[in-house]
Structure formats: structure tokens, C-alpha cells
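Worksheet for the structure shown next.
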Protein chains: 2
Amino acid sequence: MLLSRYFLPVLRDTPKEAEIVSHQLMLRSGMIKQSAAGIYSWLPLGLRVLKKIEQIVREEQNRAGAVEILMPTIQSADLWRESGRYEAYGKEMLRIVDRHERDMLFGPTAEEVVTAIFRDSVRSYKDLPKNLYNIQWKFRDEIRPRFGVMRGREFLMKDAYSFDLTKEDSRATYYRMFAAYLRTFARIGLQSVPMKADTGPIGGDLSHEFIILAETGESQVFLHEDVLKEKVPSADTNFFGDLSGIFEAWTSRYAATDEIHDNERFEKEVPEDKRVTARGIEVGHIFHFGTKYSEPMGAKVQGPDGQLVVPEMGSYGVGVSRLAGAIIEASHDDAGIVWPVPVAPFEVGLINLRAGDAATDAACQDLYSKLSSAGIEVLYDDTDERAGGKFSTMDLIGLPVQLIVGPKGVKNGEVEVKYRANGERETLSTEAGLNKVIETINSQRVLA
Amino acid sequence: MLLSRYFLPVLRDTPKEAEIVSHQLMLRSGMIKQSAAGIYSWLPLGLRVLKKIEQIVREEQNRAGAVEILMPTIQSADLWRESGRYEAYGKEMLRIVDRHERDMLFGPTAEEVVTAIFRDSVRSYKDLPKNLYNIQWKFRDEIRPRFGVMRGREFLMKDAYSFDLTKEDSRATYYRMFAAYLRTFARIGLQSVPMKADTGPIGGDLSHEFIILAETGESQVFLHEDVLKEKVPSADTNFFGDLSGIFEAWTSRYAATDEIHDNERFEKEVPEDKRVTARGIEVGHIFHFGTKYSEPMGAKVQGPDGQLVVPEMGSYGVGVSRLAGAIIEASHDDAGIVWPVPVAPFEVGLINLRAGDAATDAACQDLYSKLSSAGIEVLYDDTDERAGGKFSTMDLIGLPVQLIVGPKGVKNGEVEVKYRANGERETLSTEAGLNKVIETINSQRVLA
């Protein structure tokens, strides 16, 4: 992409309304723009990140056997009356009356809609297990939206809903999603830790939050250091086999958010030199809740013995838009964002230090073509801004590798390569620089 | 994808509520499920089609230099008060009051939001032209939603908004979108015809609808036969060059919907043997509307001479979810849907005629692996349903090629290949069948 044809409205100053670093950097780098309180437009750079996160989430859901559907944003209140949640949900639910005076709502979650789909479509135990997921915009009317996309009102969420014949089967599904989440966050470049959680208003008896560690995280977490050394399930894990071992390994040691932290247990179970206290951000939450929705909503299948069975359900959420902010909280420095390659909006920033100079333009165009042909995503700064501005913009938007081309280097057949994560730079022959960039990106695309 | 692990709730009978064939077939083939009046969930098969349409639309927008953003579904009423449309829009706008009693709405379109983004971000003529597009769910509270996704209340739309310094530049942008739309619909497998249109409530002085021809179309259209022979711009068209020739060629002959049809002109301008009267479906609409929004909303840039200039705008819509229905209206038969390859939910249906028979299972598994390795998208019916049911389901869901494998064929080293569009079948050696399927799909993937 040529920057001159792109839309990248960066801000030099930090907007006053932004309290946390991810919000500040997303506004400054032209990733998002507020449209109303807690409601954002995703500008081109931000949307590319969002789509990459979404795609990683999707691929890991598919790998774990979940099947994608898309449920509408506007739901009928009647469905929520069936489950008993319409009155219970409170003011966070955006209630709407349509032109025919029917009560509608903007879905904050979709247990009711998916249970109705299941109820009307699935008749036999032979069709189980089913795990249907959805990546869709949701709305929660937060009383005080803040922290940018970390606690917005309109947000993109992946929510999966599973239906199993027995409690045992549904536990196996829970383990599958548990393992899928470990892979998902690792692929994004995040260290995630599952922590036992309260089930809250969704209900149920088995629930974990996935917390990523970030110095600026919203909550305090306490864990056994060795949890951080557990291995993430590999890509060739058989997701249709027994995954209880993965679950056991990751949950056998102490790990808790401040919400349910028990300091006495912590000190008893964790040797002093293994106690880690850190800050964390919730990016996923999985629940087993049994028949809480299937029972009142009348979802049933015929079992092997001909008897009707009420399926066991679970739900599994990932905050897709929230993750964009969470990654930045976990990966930034004073100059701006530091994107992991798999979610970087572009992989390489190509900087032309003298746009308009024929030789430099030609060298840049050639590198741009070669990188693009090699499947590398390049943002090419072909504008006539001064070098200092170009450098600070590239650092701010955090592309993993910068390739810097100036008239002097072109004369000597050289380019400069800069690695955003550690700030290192090296001058290489043009060909060596090109190859180095391609190798660097390719080696970091798949992190798990 | 293995059918046993998929979610494909097909219906044997035609639902009473569905009046038109696309609605009937989308319900019967398990593509969609109604959730409330005019509001649908997209089940796995439907969602795959929707995503493919969306991706073709996206690629052609990108090719034409438009840049993707994502605007929120919920908008502030204040923005619409600035343009004067809040009161004017009528009951189709879904009006919402949030918990702080602020007036909000579910966006039926996004001229106001995008103009505010532009106003706050773009300062100089050097940043023009800009063309920002958005593929997002919109809501229009139709008084009588019907025809399934063809006239639903919640619908997916691609809407692009252009900003140019001069009328002349904005005309060039209009031609770019005009050409992009011709390519978009051709790539989907549709014959589209641009027709001059009223500009309606969006305003402006230049507007075309893109109509696809389908026997069951919603409106009557009148055109010169030779319009149907015009060439679609090729993929290597220079979209940054002068495209007025394409526009002239496609608009110089008579083509009009019944809304603005002038029979006297039709008979005068079109020789009798060239007069075509047909049924059509609107799938796109482009508008040039000048400063209708930029002026009242105060969007200005500094021109080359230092004076402030109010940019010229246009908007360009494609009904993405509507297209899923429109394709079916244009391409079906008594047995079901007939998908063009580029938008087929899967490209090949592999039918195992005796699931459970070791040799047949092994042959199918081998073909499934080989097709998947060749990059072909396969739905493999590995269930134990009877053959007749499998055949009718495959015909109903309309995958372009079926590969039929039974125990007798396996013994003889043969498979049967069936082409959905013309119903032809041929028996080939397993290897020849495999190659034929791959060639057939590859040759039909790119239609323009």
C-alpha cells in the first residue's frame, strides 16, 4: 500500500480523553476514531489489525471443530423472556422498540438466539456434539465507557455455544475450547494464563478466564511461576481426542485474579520463590452452564434410547476488538506500538527518504514490488514528508520491520533495516537487506 | 468439511412464509434462519456464501483505490441533526434512546459518520482524493419486511464515500466506482446492467443503479440488447487512469427500470429488434451528490491557493446480503440452487454412497485429501443417509460439481462426476475424475 493513497490520520499529541496507553496509541496512530461515547470507527490501520485477530480466532475455532454462523445484532425481546433474562439483564442491555411497537434489543450476547436455532433444527443425538460460533458486533450500554476499545459499548466478540448429549461430552468440548484459546492467544503473540473464574450472570459450574499479562493491566493476578512455562498445544494436536491432560497441566497450579484470590491458599500452595504477582487483562472467558438455557427454552434431542434429552451447553467468548487494545498494552514502548508480526497491520514499513528523487524512487519501487511478490505486506511511505516525521510515524504505528532507503544508500547499493521490537538497525546491501526482511517476517508469522 | 461435523439443517418442504424462490431455497438449504421479522441468522452454508460475496466486493473496491474502514452500527442522532436528515428520514430509521437518555440510531447508511471522520482528519487538498468504504450491518425498519434477505431489516451493505477537490475529480471517482461495480458483479457470475436512476432522498445530480437480470426479478427493465454485449473492464484496467470511455460505452444506449422508463424514448432510440424487456433486481446504487453533506457539516480542506474548499462527495452502495438472494433468483432450477463457482459455499460435493464400507470410505477419504491439498473446497457427505437423500441435498445446496463414489465404482476404479449447472454426468477413472474436477473448478474461479 502506498501511504499517499492510504488514510492514516496520525496525531502528534496525546488526546486528553485517553487515560490508558492503548487508547492513546490507537487514537494517535489513526487506528480508531470515536464516534460517540464508547463507540468507535475503525480506520484503515485499526481495521487491518482487527481482521487479523479475527482470522486467527476463526482458524483456531475451526481447528477445534466449531462451525461458524452469524447471528443478527438485533434480537427479539421475546426470546429473552423465554430464558428469563430480559428483565434480569439490567441497564447494560440496549432496549429498542421498533415501528410496530415490538420490544427488541441489541444483543449483548447470544445464548437465547443460538438455543432457538438449535431447538428448531436439531432433533437427534446423532447430530451432537455441535459447537456454533459467531464473530459479531455486540452492545453493552456501559454506564461509563472508557479505556477506548478495552471497554467500549459497541464491541466485536467471538462467542461459541456448544451442545452435548452428556455432561461428560460437554466437559470434553470445554477442554477443546480451553486448548483452542491457549493456541489463539499464543498465535497472536500473547502470554495467556487461564484462571478459574466466577460464572457470574451467565451461570454454570465450570468457568475460566484467560488473562494476558501486561504491566498496565486492569487487574491484579497471582500465580505460580511455572504456569508460565506450560507448553501451548501444537497445531497438530488432535482436537477430537482426549484433551484432559492439557487442561490438567494448565490448571493444576495456583492462578487467580484479585476477584477470587485467596492469599492464604496462595501462600500455602506456592513456594515463596515461585509466587508471581502481576497485572493482567481478561481477553477470553469460557463457561460450562449445563441446561440453564436449553431447559427453559425447550431444546431437546432424541437420545439413543428414544428418550428426549436436554443438551448440556457451554459458551466461549473472546473479546476480538478488546484484544486490539490488549496487545498494545502488552507490547509498546515510549515511541509507540510494537506489533507482533501475526497481527501487524502491515509487516514492513518501507521509508523513502527522498521521494521525488528518481534513483531513490526507483529503488523503493523495486523493493516494494519484490516484497509484495514475496507475499510480504508493505506500507510504503512515498510521501514528501521530512525524514524525522516519517521515522516517528513508523515507530508510532509499530510495524515490525522498517526498510529505510535514501539517496546516499542507493548510490552505495545499500539499505538500512530497523527492527521495531529492539530498535536495532543494520546497513546491508540492497539484496541482503531484502532477503533479511523476508526471512525475518516469515520466521515470525507463525508463533504457535 | 465433513458433513457429519457440519451444521446443515436442510428442510424437505418449502416454508409457507417464503413467497419468492431465493427465500424458499435459502431456508430449505439451511443457509439462513429467521430470528425476527426481516432479521436472519446466517447458518454455516449461507455465511460462506456471504463471506465470498463480501470478499469479491472488497477486492474490487481495493483495486479501484478505495480504502476500507469500519463504522459502528450505532450512531449518534446529533450527527444526523447536523445534516438535517434526523427528522427527515422517517420511520425506517430505528431510533434508540440509551441509558443516559441520548438519542441514538442504528445506521441505515453512513454519510454523516464518514463526513465527520473526514472533517476531523483531513486538512489539505494534498490528501485528496479519498474514497473510504465500509462493509457493515445496517438496519432499515421496513414496514413489511419480506422476500427473505432481499428486503430484510438488518442487512449487510458495502458503502463507499468519496471526497474530491473538484467536480471533475469527483466525476473521475464516479467512473472508477462504475467500472469497479461492473467487475464486481461479473466476478460473482452475474450479468449486470447500469441504469440511470433517480437520486432519491440521498440527493445529487448523477446516479446509476446496477440491475441484474433474473426472470423472477422485482422490477421491469427496458434496454437496448447491445448493452448486454458490452465488455466488462479487465483486471488489469488502470483504475487511476481515465475511465470515461468505459462509462460512455455502458451508458450510451437506452437502459431503464420501470421507475423512470420513458416508452416514447425507448421506441425512438431502440430499433424494434433490439428492444429487450426483462425482469431485474437492484444490487448496487451509486450517487454523486456534491456538497450535500460536506457543506452543512463543515467539512473543508485547504486548496492549492490557500483558500478553503468544500469537497465534492459521492456514495456507492452494494447490497452484500441482498446479493446472496439475487444470485439465487438468477441461478436456480427445480432441484435447487446452482451456484457460480466464485460464490459457491463449497466448490465440490463429495458423496459417499456407502459410508461404513471400508473400501468406499478409504476411496472417499483419499479423494477428499487430494482435493483439499489442491486447494479445492469440499463438502464431504460422510453420513449414513440413503443415496436418494444425499443426491437431493447436494442438488438443493447447489455445489458446482459433485463427485459420487460408491462400492461398485471403487471396485472398478471409477467415480462419477456430475455438473450441477447442466445436470450432465460422466463416469471416469478415479484419477481422471479427480483431475477433471480440479480443472473444472480452477477454470471457473475467475469469471472477469
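Readers should treat all values here as calculations from the given coordinates under stated rules, not as data from a laboratory. Quantities reported herein were computed from a predicted structural model and do not represent experimental measurements. Positions of Cβ are generated from backbone atoms using ideal geometry, with glycine treated the same way; all protein chains shown enter the neighbour counts.
Quick look at the values:
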read-out: Hull volume in cubic angstrom per residue (convex hull over the Cα atoms of chain A); value: 164 Å³
read-out: Cα-based radius of gyration of the range A:1-120 once divided by 2.2 N^0.38 Å, which approximates compact folds; value: 1.42
read-out: Per-residue [θ]222 nm for chain A (sum of -39500 (n - 2.57) over DSSP H runs n ≥ 4, rounded to 500); value: -10000 deg cm²/dmol
read-out: Proximal lysines to A:LYS229, defined as alpha-carbon separation beneath 26 angstrom and excluding residues fewer than eight positions away on the same chain; value: A:LYS196, A:LYS268, A:LYS274
read-out: Label distances, nm, B:TYR89 versus same residue in remaining copies, Cβ-directed 7 Å point; value: 2.1
read-out: DSSP bridge orientation in the protein assembly as shown - percent antiparallel, rounded to nearest 5; value: 85 percent
read-out: Value of relative contact order over the range A:346-444, rounded to a whole percent, pairs C-alpha under 8 Å and six or more apart; value: 30 percent
read-out: Debye intensity ratio in log₁₀ form over the Cα atoms of the range A:330-369, taken at each q of 0.20, 0.21, 0.22 Å⁻¹; value: -0.71, -0.74, -0.76
read-out: Debye-sum result for the protein assembly as shown in log10 I(q)/I(0), which assumes one identical scatterer on each alpha carbon, at q = 0.05, 0.07, 0.08 Å⁻¹; value: -0.29, -0.60, -0.79
read-out: Copy-to-copy label separations for B:LYS408, where each label sits 7 Å from Cα toward Cβ, in nm and ascending; value: 8.1
read-out: Proxy reagent accessibility, fewest Cβ within 10 Å first, across B:ILE39, B:ILE188, B:ILE20, A:ILE211; value: B:ILE20, B:ILE39, B:ILE188, A:ILE211
read-out: Charge dipole (debye, nearest 20) of chain B; +1 at Cβ of Lys and Arg, -1 at Cβ of Asp and Glu; value: 840 debye
read-out: Environment charge at B:PHE240 (Cβ cut-off 11 Å; Lys +1, Arg +1, Asp -1, Glu -1); value: +2
read-out: Cβ-based charge dipole, the range A:205-331, positive-most Cα from A:ALA299, A:ALA256, A:VAL270; value: A:ALA299
read-out: For B:GLU295, label point 7 Å along C-beta direction: distances to other copies, nm; value: 6.4
read-out: For the range A:3-337, with +1 on Lys and Arg beta carbons and -1 on Asp and Glu, the positive-most of A:HIS224, A:GLY90, A:VAL320 along the dipole; value: A:VAL320
read-out: Relative contact order, percent, chain B [alpha-carbon distance under 8 Å, six or more residues apart]; value: 17 percent
read-out: Loop GluC sites (Glu not before Pro), the range A:1-105 (other Cβ atoms within 10 Å of the site Cβ: 14 or fewer; DSSP); value: A:GLU17, A:GLU19, A:GLU92, A:GLU101
read-out: Cβ-based exposure ranking for A:MET297, B:MET31, B:MET26, A:MET93, in which fewest neighbours within 10 Å come first; value: A:MET297, A:MET93, B:MET26, B:MET31
read-out: Test item: Cα-centred dipole of the protein assembly as shown, Lys/Arg +1 and Asp/Glu -1 on Cβ, debye; value: 100 debye
read-out: Over the range B:71-120, relative contact order from alpha-carbon pairs under 8 Å, at least 6 apart, %; value: 43 percent
read-out: Extreme residue, positive dipole direction of the range B:65-206, given options B:LEU132, B:THR109, B:TYR174 (C-beta unit charges); value: B:TYR174
read-out: Shielding by partners - mean other protein chain Cβ count within 10 Å, residues of A:93-100; value: 6
read-out: All-pairs alpha carbon distance profile, the range A:346-444, 10 Å steps from 0, percent; value: 17, 56, 26, 1
read-out: Interchain or long-range residues, amide H under 5 Å from B:LEU350's placed H; value: B:LEU379, B:TYR380, B:ASP381, B:LEU403
read-out: Charge sum, other residues only, whose C-beta stays under 12 Å from A:TYR293's C-beta, Lys/Arg counted +1 and Asp/Glu -1; value: -2
read-out: Charge context of A:LEU94, other residues only, Cβ under 11 angstrom, K/R +1, D/E -1; value: +1
read-out: Antiparallel bridges, percent of DSSP beta bridges restricted to chain B (to nearest 5); value: 85 percent
read-out: The range A:1-118, dipole about Cα centre (Lys/Arg Cβ +1, Asp/Glu Cβ -1), debye to the nearest 20; value: 740 debye
read-out: Neighbour-count ranking [beta-carbon atoms within 10 angstrom, fewest first] of A:ARG119, B:ARG176, A:ARG99; value: A:ARG99, A:ARG119, B:ARG176
